[in-house]
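The values are calculated or read from the model by the stated rules, or taken from the named source; none is laboratory data. Predicted model, so just to flag it, every value in this text is computed and none were measured. Cβ placement follows ideal geometry from the backbone for every residue including glycine, while neighbour counts extend to all protein chains displayed. Calculation scope for accessible area: heavy atoms of the full protein, side chains included, ligands and nucleic acids excluded. Shrake-Rupley method; radii C 1.70, N 1.55, O 1.52, S 1.80 Å.
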Amino acid sequence: MKKTRVAVFASGNGTNLQAIIDANIPSAEIVLVFSNNPDAYALERAAKHGIPTEVLDHKSFSSRDDYDREILRLIEPYEVGLIALAGYMRILSPLFVRAYKNRIINIHPALLPSFPGINAARQALESGVKYTGVTIHFVDEGVDTGPIILQSVVHVHDDDTEDSLLERIHVEEHKIYPEAIELVTEGKVRIEGRRVLKTS
Ligand code: GRF
C-alpha cells in the first residue's frame, strides 16, 4: 500500500506522537516532526525513532502570517500529504490552513463543540458535565471548529482533579488518534459539509 507522508506538529511532551509512532499505521509514514518549541520533548521522541525534525521558534517572528509562511517553505521538501497536530500550541493562520486544505487534523481533549480552546479538561470540570472526552477533527480556519472525524467519551468522576481527568483523556487520545490517521490515510472518510462520513 502506498503510504501517506505525514508530518506531526507538536509543542510539548508528545505522548500522542509516541502513540502514533507505536501504532505503526500501515498507510502512514511519519516523515517529519515539526515544533515551534526548541525544548519540546516530542523532538527527542522523534530523534529516538530516526524521524527528521524541524524547529522554528515563533518568538523570532513578528506576525503569524510571516511565521506560517516560513513553516510552509520549511516543510515543502517533505512532500507531506497529511499534517497531524498533536499538542501544537499555535493557532494556524488561514493562509496555512488553505495551503493544506482538508489535509490537517487535530486532537482536542474534549467533546467538541463543547470546551474549545485551552484548558479543556478544566473547562469540563468547572461546567459540571458528567461526560467529556476526545475529538479528532479536520482543521478549518476557526479554532477547534472543523468537521469531526472521531470522538471518544470519558466519564467525569466525582473525585476528579484536572490531572486525573486528563490522565484518562490521554488514554483515549492514544487509542483514537492513530485510528483516525489510519481512516484518513486509507481514504476511508470523506467530508460532506460539516460531516465526515465513511466511504465504503
Ligand atoms: C493533548 O491532550 C491534546 O489533546 C492537546 O494537547 C495535548 C498534547 O499532549 N491538543 P501530548 O504532547 O501529546 O502528550
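Could you say which residue among 101, 2 is modelled with pLDDT under 95 and open to solvent by 20 Å² or more (accessible area, probe 1.4 Å)? Lay out the reasoning, then the answer.
Working: 101 fails: modelled with pLDDT under 95.
Matching residue, one of 101, 2: 2.
Taking the condition within 13 Å of the chain's Cα centre (by Cα), open to solvent by 30 Å² or more (accessible area, probe 1.4 Å) and β-branched (Val, Ile, Thr), does residue 143 pass?
Numbers: within 13 Å of the chain's Cα centre (by Cα): yes; open to solvent by 30 Å² or more (accessible area, probe 1.4 Å): yes; β-branched (Val, Ile, Thr): yes.
Criteria met by residue 143.
Would you call residue 145 part of a strand (DSSP E or B) and of a type in the set (Ser, Thr, Tyr)? Don't jump to the end; show me each part of the working.
On the way: part of a strand (DSSP E or B): no; of a type in the set (Ser, Thr, Tyr): yes.
Spelling it out, it is not the case that residue 145 is part of a strand (DSSP E or B) and of a type in the set (Ser, Thr, Tyr).
Looking only at residues that are in a strand (DSSP E or B) and in contact (Cβ under 8 Å) with a residue 40 or more places away in the chain in region 119-136, which one is surrounded by the most Cβ atoms within 10 Å (Cβ to Cβ)?
134
From the list 83, 71, 30, 51, exactly one residue is more than 12 Å from the ligand (Cβ to nearest atom), in a loop (DSSP other than H, G, I, E, B) and open to solvent by less than 50 Å² (accessible area, probe 1.4 Å). Which is it?
Answer to the check: 51.
Which one of 152, 127 is more than 18 Å from residue 184 (Cβ to Cβ), of a type in the set (S, T, N, Q) and at pLDDT 95 or above?
Just a single option satisfies the conditions, and that option is 127.
Identify all residues within region 171-200 that are touching a residue at least 12 places away in the same chain (Cβ under 8 Å), of a type in the set (Ser, Thr, Tyr) and not in a helix (DSSP H, G or I); write none if there are none.
Across region 171-200, the qualifying residue is only 199.
Look through region 5-21, keep the residues that are within 9 Å of the ligand (Cβ to nearest atom) and outside any helix (DSSP H, G or I), and return whichever of them is surrounded by the fewest Cβ atoms within 10 Å (Cβ to Cβ).
By that ranking, first place goes to 13.
With (1) within 22 Å of residue 13 (Cα to Cα); (2) part of a loop (DSSP other than H, G, I, E, B); (3) open to solvent by 50 Å² or more (accessible area, probe 1.4 Å) as the list, and residue 158 as the residue in question, which single condition is left unmet?
Only one criterion is unmet by residue 158, namely (1).
Residues of region 137-170 being touching a residue at least 24 places away in the same chain (Cβ under 8 Å), away from the ligand (no atom under 15 Å from the Cβ) and under 15 Å from residue 107 (Cα atoms), which ones?
140, 147
Scan (1) open to solvent by 40 Å² or more (accessible area, probe 1.4 Å); (2) over 27 Å from residue 175 (Cα atoms) for the single condition residue 24 breaks and write down its number.
Answer for residue 24: the failing condition is (2).
Starting from residues that are in contact (Cβ under 8 Å) with a residue 24 or more places away in the chain and open to solvent by 30 Å² or more (accessible area, probe 1.4 Å), keep the ones in region 56-68 and report whichever is farthest from residue 97 (Cα to Cα).
Looking at the filtered set, the residue picked out is 58.
Tell me, please, whether a residue that is open to solvent by 20 Å² or more (accessible area, probe 1.4 Å) and under 22 Å from residue 43 (Cα atoms) can be found in region 109-116.
yes
Restricting attention to region 86-98, report how many residues are buried (at least 20 other Cβ atoms within 10 Å of the Cβ) and either aromatic (Phe, Trp, Tyr) or in contact with a Leu (Cβ under 9 Å, 6 or more places away or on another chain) (or both).
5
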